[in-house]
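> Please see the structure below; I have some questions.
The values are calculated or read from the model by the stated rules, or taken from the named source; none is laboratory data. Quantities reported herein were computed from a predicted structural model and do not represent experimental measurements. Counting neighbours? That spans all protein chains shown, and the Cβs are built from the backbone with ideal geometry, glycine included.
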Amino acid sequence: MVQEIRAAGGEAVANTDSVSSWQGANAIVQCALDRFGRIDAVINNAGNLRDRMFFKMNEEEWRAVIDVHLHGTFFVSRAAAPYFKDQQSGAYVHMTSTSGLIGNFGQANYAAAKLGIAALSKSIALDMARFNVRSNCIAPFAWSRMTSSIPSETPEEQARVAKLQKMEAGKVAPMAVFLASEAAREVNAQIFAVRANEIMLMSQPRPVRSVHASEGWTPESIAEIAIPAMRNSFHPLERSPDVINWDPI
């Protein structure tokens with residue numbers, strides 16, 4: 001990647017420290033400061049997969065994914081925060097996933113990490129807005145080194161992989177560049193999805209129905225009154241492919 005950037009006329013430096021440790025994340029940020037003199041944006045793009053059905057997942061598979069995705073996003077973002085605060089500017093771009101925002105089979109670790117990243121991004125946006133620092137998320141649909149490890153044994157898995165292979169990672173880059181730039185100075189605390197030539201603005205949790213009882217609730221009255229009143233507003237149990245079910249554009 002560094003060679004490609006340099007060949008295109010840009011400047012880049014490689015770093016092999018791990019985002020999954022406080023020390024590694026600080027070393028990554030310091031490396032950028034040493035090379036470029038300042039830091040204007042952080043794109044949290046490190047990732048891994050350890051897909052397994054929840055009832056088969058072990059501790060190592062859980063921790064490996066949480067450490068890289070969720071802890072890594074926090075550690076690198078936190079390492080850059082003092083510099084963004086001092087210079088009164090900066091942008092965070094985090095990679096979330098519809099596996100967390102909507103749901104998917106066999107990805108309890110990944111889904112938990114990615115939904116956690118969306119919540120972390122909102123907290124960063126709230127805490128850092130006073131310093132003119134923004135924080136946004138992208139849910140990318142793309143075939144990459146990480147997604148190449150997705151199982152492809154069953155016909156359904158093979159169809160999923162075939163669809164992913166049609167989506168280039170390079171299609172996500174323009175959104176990341178935009179969100180990192182001053183052109184996005186009025187865009188904060190948003191979640192976008194990018195799939196081939198399509199950009200989606202994702203919804204965020206808000207109340208959809210409210211019921212009240214003047215004297216409070218009992219388990220029985222909840223079952224008899226509250227749940228029937230709200231049932232039509234329940235979210236169905238769906239996976240990401242069930243919701244975003246049209247072909248890539």
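> ILE39 fails exactly one of the following numbered conditions: (1) farther than 19 Å from ALA176 by Cα; (2) at pLDDT 95 or above; (3) assigned to a loop (DSSP other than H, G, I, E, B). What is the number of that condition?
It fails just one condition, (1).
> Could you run through the range 82-108 and say how many residues are buried (at least 17 other Cβ atoms within 10 Å of the Cβ), touching a helix residue (DSSP H, G or I) at 6+ places or on another chain (Cβ under 6 Å) and assigned to a loop (DSSP other than H, G, I, E, B)?
Going residue by residue through the range 82-108, those that are buried (at least 17 other Cβ atoms within 10 Å of the Cβ) are 83-84, 89-104, 106-108.
Of the ones still in play, those that are also touching a helix residue (DSSP H, G or I) at 6+ places or on another chain (Cβ under 6 Å) are 90-94, 96-100, 102, 104, 107-108.
From what's left, assigned to a loop (DSSP other than H, G, I, E, B): 96-97, 102, 104.
Matching residues across the range 82-108 total 4.
> Turning to a different aspect of this structure: How about the range 139-153: which of its residues are under 19 Å from SER99 (Cα atoms) and at pLDDT below 85? Working first, answer last.
Going residue by residue through the range 139-153, those that are under 19 Å from SER99 (Cα atoms) are 139-152.
Across the range 139-153, the qualifying residues are ALA142, TRP143, SER144, ARG145, MET146, THR147, SER148, SER149, ILE150, PRO151, SER152.
> Could you figure out which of (1) surrounded by fewer than 15 Cβ atoms within 10 Å (Cβ to Cβ); (2) out of contact with any strand residue (DSSP E or B) (no Cβ under 9 Å at 6 or more places or on another chain); (3) farther than 22 Å from GLY116 by Cβ isn't true of SER181?
All conditions are met except number (2).
Residues checked against (1) among the basic types (Lys, Arg); (2) over 16 Å from ASN48 (Cβ atoms); (3) modelled with pLDDT of 90 or more:
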| residue | (1), (2), (3) |
| --- | --- |
| GLN107 | no, no, yes |
| ALA125 | no, yes, yes |
| ASN136 | no, yes, yes |
| LEU164 | no, yes, no |
| ALA173 | no, yes, yes |
| ALA176 | no, yes, yes |
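> What tally of residues in the range 18-58 results from selecting those that are among the charged types (D, E, K, R) and under 15 Å from VAL68 (Cα atoms)?
The qualifying residues number 2.
> Restricting to the range 109-137, count the residues that are buried (at least 20 other Cβ atoms within 10 Å of the Cβ), closer than 20 Å to GLU59 by Cβ and not polar (S, T, N, Q).
Residues meeting the conditions: 4.
> Next question. Cβ contacts < 6 Å: first residue closer than 23 Å to SER135 by Cβ, restricted to the range 34-54; second residue of a type in the set (Phe, Trp, Tyr), any location; separation 6+ or different chain. Result?
Sorted first by the residue in the range 34-54, then by its partner, the pairs are ILE39/TYR83; VAL42/TYR92.
> With the structure loaded, tell me whether VAL187 is surrounded by 12 or more Cβ atoms within 10 Å (Cβ to Cβ) and either aromatic (Phe, Trp, Tyr) or outside any helix (DSSP H, G or I) (or both) or whether it fails that test.
Answer is yes for this residue.
> Then there is this: Among the listed residues ASN48, ASN136, ASN132, ASN26, which satisfies the condition of being among the polar types (S, T, N, Q) and closer than 21 Å to VAL161 by Cβ?
Just one listed residue meets the conditions, ASN48.
> Next question. Scan the range 1-29 residue by residue and report those that are without any contact (Cβ under 8 Å) to a residue 12 or more places away in the chain and either exposed (fewer than 13 other Cβ atoms within 10 Å of the Cβ) or assigned to a helix (DSSP H, G or I) (or both).
Listed by number, the residues that qualify are GLN3, GLU4, ILE5, ARG6, ALA7, ALA8, GLY9, GLY10, THR16, GLN23.
To keep it simple, each residue is scored yes or no on (1) in contact (Cβ under 8 Å) with a residue 40 or more places away in the chain; (2) over 29 Å from LYS122 (Cβ atoms); (3) among the acidic types (Asp, Glu); (4) out of contact with any helix residue (DSSP H, G or I) (no Cβ under 9 Å at 6 or more places or on another chain).
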site	(1), (2), (3), (4)
PRO155	no, yes, no, yes
VAL161	no, yes, no, no
LYS166	yes, yes, no, yes
GLU186	no, no, yes, yes
VAL211	no, no, no, no
SER221	no, yes, no, yes
ARG239	yes, no, no, no
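> Name the single residue that is nearest to VAL172 (Cα to Cα) among those in the range 198-249 being over 20 Å from the mean Cα position of the chain (by Cα), among the charged types (D, E, K, R) and not in a loop (DSSP other than H, G, I, E, B).
Among those that are over 20 Å from the mean Cα position of the chain (by Cα), among the charged types (D, E, K, R) and not in a loop (DSSP other than H, G, I, E, B), it is ARG231.
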